Every structure is written in C-alpha cells, then in structure tokens.
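> Here it is: the structure, laid out below.
The values are calculated or read from the model by the stated rules, or taken from the named source; none is laboratory data. On a predicted model such as this, the values are computed, not experimentally measured, just so you know. Here the Cβ is made from the backbone with ideal geometry for all residues, glycine too, and neighbour counts use every protein chain on show.
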Amino acid sequence: MATVKVPVVTDQEIARHLTSAEVSNRSVAQKLGVSWSRVDEVRQRLQLATYRRGRRVPEQSWEEAVRKRLKERDDGHAEWTGSRHPLGTPLLSWQGRSETAYRAVFRLHYGRVPVGNIRHVPDCDVEHCVAGEHLEDRAMRDARRAGGAR
Ligand SMILES: [Zn+2]
C-alpha cells in the first residue's frame, strides 16, 4: 500500500515568511500550501504584528510630525491640527511621547532647544498660535528687553 507523503511545513518555515505586518496570512498560506488559520496561529504565537492592509506609514521624524500638524494661516498665524491638552494647549504626540507643540515648533523653527517657558511675542494675540516666529523663549525675551529703548 502506497503512502502519500504530505510535505511537512514547520512553524519555523511559516514564521520565516511572516517578516512584517505588510505580509498577509493568505499569501503565506498559499505559498506554503498550508491553511490560513495555521499561519494565523503561528503569527499569534510569535506575537507578530497583525497584517493590516493600507496601514498608515508612521512619520519618520518629529520634524515631519510637526509639519503635518501645523497649518499656516493667511494672516501669518498658525493653527495646530494635532491633539490638545484639555485646557487647549496644542500637543505634539509622536511615537508615544508628548510635549507642547510650542516646544516642538520652536525647535523646528529656531533649530535649538528653548530656554525656560515659551510665550507668544507681543505682536501675536492669537490664542494657541503655533507660528514659529510668534514664539519666544526666555532667552529671546531677555534679549529683547535688554535691547529695548526706554
Ligand atoms: Zn501668531
């Protein structure tokens, strides 16, 4: 009596094909000739990311994250389209971290870390404005006051 040899696909082999969340269970199942549920089982056991079609590509850098949430207005001020503190302060939430959008915009605009608190320049009277040139840190306030004629 002839025995039918069923090729054995090991879990390791399945896992080797599940390289990222971009690979679907179905494509691996078809390639290896195993069931979809078997592939899914391996994926879950190894706690690999679940396949998601058309997954949003995460922002590569905080600079990009800031630019995406900053909406410049025609009048020179800028709005924040990202998340906010319950009191209204714009927040940059990126890769699980959170800071005020003012600090992030300041770093992006002036290329340095702000000193002390960030406030709006006297010329800007728009609440929660995130235009880079409308933000100043303590170092800039001190310099402005020292240079201002009295
Ligand atoms: Zn402004």
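> The conditions are (1) away from the ligand (no atom under 16 Å from the Cβ); (2) over 30 Å from HIS17 (Cβ atoms); (3) in a helix (DSSP H, G or I), and ARG38 fails exactly one of them. Which is it?
So ARG38 meets the others, but not (2).
> Counting only residues that are more than 20 Å from VAL121 (Cβ to Cβ) and assigned to a helix (DSSP H, G or I), how many does the range 55-80 have?
Residues in the range 55-80 being more than 20 Å from VAL121 (Cβ to Cβ) and assigned to a helix (DSSP H, G or I): 7 in total.
> While we're looking at this one, here's another question. Looking at the range 50-69, can you tell me whether even one residue there is of a type outside the set (Val, Ile, Thr), modelled with pLDDT under 85, closer than 30 Å to LEU91 by Cβ and surrounded by 13 or more Cβ atoms within 10 Å (Cβ to Cβ)?
Yes, that holds for at least one residue.
> Pairs only if they're at least six apart or on different chains, beta carbon under 9 angstrom, first in the range 122-140 and within 20 Å of LYS71 (Cβ to Cβ), second surrounded by fewer than 19 Cβ atoms within 10 Å (Cβ to Cβ) and β-branched (Val, Ile, Thr); list them, first residue then second.
Here the result reads HIS128/THR89; GLU133/VAL121; HIS134/VAL121; HIS134/VAL126; LEU135/ILE118; LEU135/VAL121, each pair linking the range 122-140 to a residue that is surrounded by fewer than 19 Cβ atoms within 10 Å (Cβ to Cβ) and β-branched (Val, Ile, Thr).
> Just checking, which of LEU92, LEU108, LEU70, LEU46 is within 16 Å of the ligand (Cβ to nearest atom) and in contact with a helix residue (DSSP H, G or I) (Cβ under 6 Å, 6 or more places away or on another chain)?
LEU108
> While we're looking at this one, here's another question. Any residue at all in the range 113-121 that's more than 13 Å from HIS77 (Cα to Cα), assigned by TED's automatic domain parsing to the domain that holds ARG84, more than 8 Å from the ligand (Cβ to nearest atom) and free of Cβ contacts under 8 Å to residues at least 12 places away in the same chain?
Of the range 113-121, the ones more than 13 Å from HIS77 (Cα to Cα) are 113-119.
Applying the additional criterion that residues be assigned by TED's automatic domain parsing to the domain that holds ARG84 yields 113-119.
Now narrow it down to the ones that are more than 8 Å from the ligand (Cβ to nearest atom): 113-119.
Add one more test, that the residue is free of Cβ contacts under 8 Å to residues at least 12 places away in the same chain, and what stays is 113.
Looking through the range 113-121, at least one residue is more than 13 Å from HIS77 (Cα to Cα), assigned by TED's automatic domain parsing to the domain that holds ARG84, more than 8 Å from the ligand (Cβ to nearest atom) and free of Cβ contacts under 8 Å to residues at least 12 places away in the same chain.
> While we're here: If you go through the range 95-104, how many residues are in contact (Cβ under 8 Å) with a residue 24 or more places away in the chain and either of a type outside the set (A, V, I, L, M) or within 11 Å of the ligand (Cβ to nearest atom) (or both)?
Step one: list which residues in the range 95-104 are in contact (Cβ under 8 Å) with a residue 24 or more places away in the chain, which gives 95, 101-102, 104.
With either of a type outside the set (A, V, I, L, M) or within 11 Å of the ligand (Cβ to nearest atom) (or both) added as a condition, the list becomes 95, 102.
Within the range 95-104, residues that are in contact (Cβ under 8 Å) with a residue 24 or more places away in the chain and either of a type outside the set (A, V, I, L, M) or within 11 Å of the ligand (Cβ to nearest atom) (or both) number 2.
> Can you name the residue in the range 81-117 that is part of a strand (DSSP E or B) and charged (D, E, K, R) and, of all such residues, is farthest from LYS71 (Cα to Cα)?
Filtering first and then ranking leaves ARG97.
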